[in-house]
1. In nm², what is the average projected area of the convex hull enclosing the Cα atoms of the range 242-387?
2. Suppose a student asked you for the relative contact order of the chain, using Cα pairs under 8 Å spaced at least 6 residues apart; what percent would you report?
3. At each listed q (0.26, 0.28 Å⁻¹), what is the log10 of I(q)/I(0) that the Debye formula gives for the range 342-387 modelled as equal alpha-carbon point scatterers?
4. Lys and Arg at +1, Asp and Glu at -1: add these up for the other residues within a Cβ distance under 13 Å of Leu225 and post the number.
5. Once label points are set 7 Å from the Cα along Cα→Cβ at both Phe202 and Glu279, what is their separation, rounded to one decimal in nm?
6. Could you tell me which residue out of Met346, Val358, Asn334 lies farthest along the dipole of the range 259-387 toward its positive end? Charges go on the beta carbon: Lys and Arg +1, Asp and Glu -1, centred on the Cα centre.
7. Could you check the simple spin-label distance between Asp260 and Glu351, using points 7 Å along Cα→Cβ, in nm with one decimal?
8. Summing +1 for each Lys or Arg and -1 for each Asp or Glu, what net charge is found among the other residues whose Cβ lies under 13 Å from the Cβ of Ile82?
Amino acid sequence: MRKIVNRKDKIIINYSQSKGGKQRSFDLVFPYINDTEIDVVLVAEQSDSGEWNPLKAITDKEETTADEEEAAKDLADLTWHIYSRKEQKKLLPSVVNLWEEGNLRIAACLSEKYGEKFFTAKQQENLEKEVLNSDRLICWWPDPVIWESAKKLKESFNSLTFNEIAVPFYTFKEYFKRPDIQAEMQKYWDELEEILESPQEFAVIGKNIKVDEYAKYLRGLKTTLFFLKKNNIPFKLTLGNVERAEEFFKKENLDHFQLDSWIIAAPIFEPMSDFLIEEQILTGPSSIITGKEEIKACLSFLSHFPYTAPVPDAVGAVVYAGDKHISSTVFWFNPATTIEIVKKTMEAALEELNKRGVEKIIMIEEMVPFEASWEGEVLLLRIPEDW
């Protein structure tokens, strides 16, 4: 890990020492987890051969909307490549994000430690099939802290007596039912109560914290799956169910506030299929529709990295009959994502909407971050303003 210097108004990540060459600064806005941003200045130096080498990245704390320290760890884990726009055949590690600066392109890339293949600049810019068919669809930008933790546990993974590791996936609704997670969230609420006077402000900030925490959970889960896949460690993904876990804890005399208890419970859950259909809000059965209203649906693509990862984590579907809201449904992808899983989930979503009598479907083209309802209990799915 590169050296990180934390100062009052900025954080500096040092990549290499200057050799006295010509330097240039690049002002970049880096899309980050769940629609947050990192405001970063990348300082690079040109060598005698004309190549640009990164010296340091400087993040502005005031302009950065992400958690500055977490973002700094992620930036320290990246490799940077600055090259001419004409170099379409240049081989690059897995690209996280690209910027254009005049005749140059700047690529923020994953470290080679993640074991992904190199592809040309053109292949990665165009997201060609070779890129999308790689294991990287499981996790587009791994969490380096989770990855290092998994490395430390690798020997224990290999010495397990059972055939595969059970890894549970919790939907947004299910995740925040867990008592251990509720206890962690209560720490946030206690801090907010001390500094906020308005209940409305508390609700807005509170629901934003919940969706950001869930996005981090998803990233950590997908990093773990990516590590297991890359290291040929067999695993099965299970569907976390808090009610079933509580019954198990009672029977086995386990503490539901302890993370270890939830790890032990993972194998008791049902296997996760290629996708999961979960109702967020159901305001009424289709039978209440008179037949005069047009039944329409809006699809949105939910992602914990909405402006970085090319494949979402779920599809949201909001159904209306005229101006009456009928349902809001999330179609979750299996987190060990492949192109085939994406196709199956989309087919399932369209089939389900057809069953509900939907006559017209529109899509929000850009991926969107996770957002929560005012109460923060369910995911809020977007529809067009003029719908």
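1. Convex hull of Cα atoms, orientation-averaged projection: 11.0 nm².
2. Reported as a whole number, the value is 15 percent.
3. -1.13, -1.11
4. Local net charge: +2.
5. 3.1 nm
6. Value: Val358.
7. Calculated label separation equals 4.4 nm.
8. For residues surrounding Ile82, the net value is 0.
Throughout, read-outs are computed from the coordinates displayed, never taken from laboratory work. Fair warning: this is a prediction, and the values are worked out from it, not measured in the lab. Using ideal geometry, Cβ is built from the backbone for each residue, glycine included, and neighbour counts are taken over all protein chains shown.
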